[in-house]
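Derivation of every value follows stated rules applied to the coordinates shown; laboratory data play no part. Given the structure is predicted, the values throughout are model-derived calculations rather than measurements. Every residue, glycine as well, gets a Cβ built from its backbone with ideal geometry; the counts of neighbours run over all protein chains shown.
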Amino acid sequence: MKTTRTLSLMICLLMAVGTVQAQENIKRAIDEFLDDERVNYTESHHKNRNPETGEMEGRLDAYTFTLAPKDLKLLDMLKEAVRQDSEDAYEENWESSSSPEAVYRQRKVMYNDNEGLVIGYEYYNYIQVNFVDKSKEGFRYAYVIEWEKVDDDVRGKKENVGQGRIAIAYARMPQQKKTTVTVINGDMLGSLGSLKDFEMSKDMSSTDWLTQFNLYRKNFLKYTKKNMKSNMSTVVATKLYELSKNADCLSHSEAAMCAEQLEKMMQKTDDDMIKTMLNSSIEYLKER
């Protein structure tokens with residue numbers, strides 16, 4: 001039996017009439033998706049209120065789901081609902097690791113003033129769409145749909161399983177700017193990432209640098225383990241290369257440790273370009 005959900009009630013309590021109308025297709029599609037017997041999910045909820053006024057200042061409703069590969073088409077109604085309501089959104093991002101043209105970007109979606117949900121890390125396809133809360137100045141609702149088709153061991157039998165997450169986040173709005181959405185190979189892809197972000201790595205502490213490095217290392221191993229050819233592995237290798245060029249914060253022993261990990265990663269790929277970038281990264285680290 002499915003778990004009783006609080007999604008509909010909470011959204012109805014939080015939203016003004018105008019805001020509900022702006023998001024009504026997405027809300028209905030999420031309800032229908034989670035009510036479908038083919039969808040198995042677990043849920044979690046976080047809520048923050050102003051201690052003085054009792055007003056809602058942050059909320060996260062998250063639903064992590066699995067479904068059979070043949071039922072991944074159920075996601076189509078969620079995508080269509082976003083397209084129907086997106087005209088009223090102030091931000092819209094569609095990202096896919098499967099497009100050769102994609103420069104993939106992870107994002108953080110805040111659900112209160114201090115905490116956020118990282119999207120694009122566990123799942124490599126996602127949609128994020130944000131709406132202004134017209135009943136409360138300076139606040140917004142964010143809807144996130146993430147998914148991927150992965151290998152999993154189900155009842156002792158190796159088969160593909162669809163996994164993903166739906167999240168509805170409410171928080172203070174950092175900005176109100178419509179993101180440009182482009183179409184690549186029939187898929188909508190949002191504001192794509194830039195390697196300019198790595199200029200900031202020059203000011204990183206060694207702890208921050210190593211944390212970033214390990215995040216990319218784990219992603220690289222995850223992609224290669226799943227045989228994800230080669231666009232996403234290339235993106236991660238490029239980020240490691242840029243990071244290694246700005247490794248002044250590392251000690252000699254820290255740089256040697258990371259170079260050793262890069263050498264192990266080189267053994268996981270047969271792509272010459274990726275190997276070249278990883279090898280160049282090693283050379284930069286050896287100069288430390």
For ASN114 paired with ASP248, estimate the spin-label separation in nm (one decimal), with each label point 7 Å from Cα along the Cα-to-Cβ line. 3.3 nm
Quote the FRET efficiency, to the nearest 0.05, computed for ALA68 versus ASP88 with a Förster distance R0 of 41 Å and r equal to the Cβ-Cβ distance. 0.75
Name the residues whose placed amide hydrogens come within less than 5 Å of the amide hydrogen of GLU91, ignoring near sequence neighbours (fewer than 5 apart) on the same chain. ASN130, THR179
Overall form of the range 46-94 per C-alpha gyration tensor (a/c, 1.5; a/b vs b/c): oblate
Which listed residue (ASN125, ALA68, ALA89) has the Cα farthest towards the positive end of the charge dipole for the range 45-134, taking +1 on Lys and Arg C-beta and -1 on Asp and Glu C-beta about the Cα centre? ALA68
Beta carbons within 10 angstrom, averaged per residue: use that to sort the peptides 270-277, 88-95, highest first. 88-95, 270-277
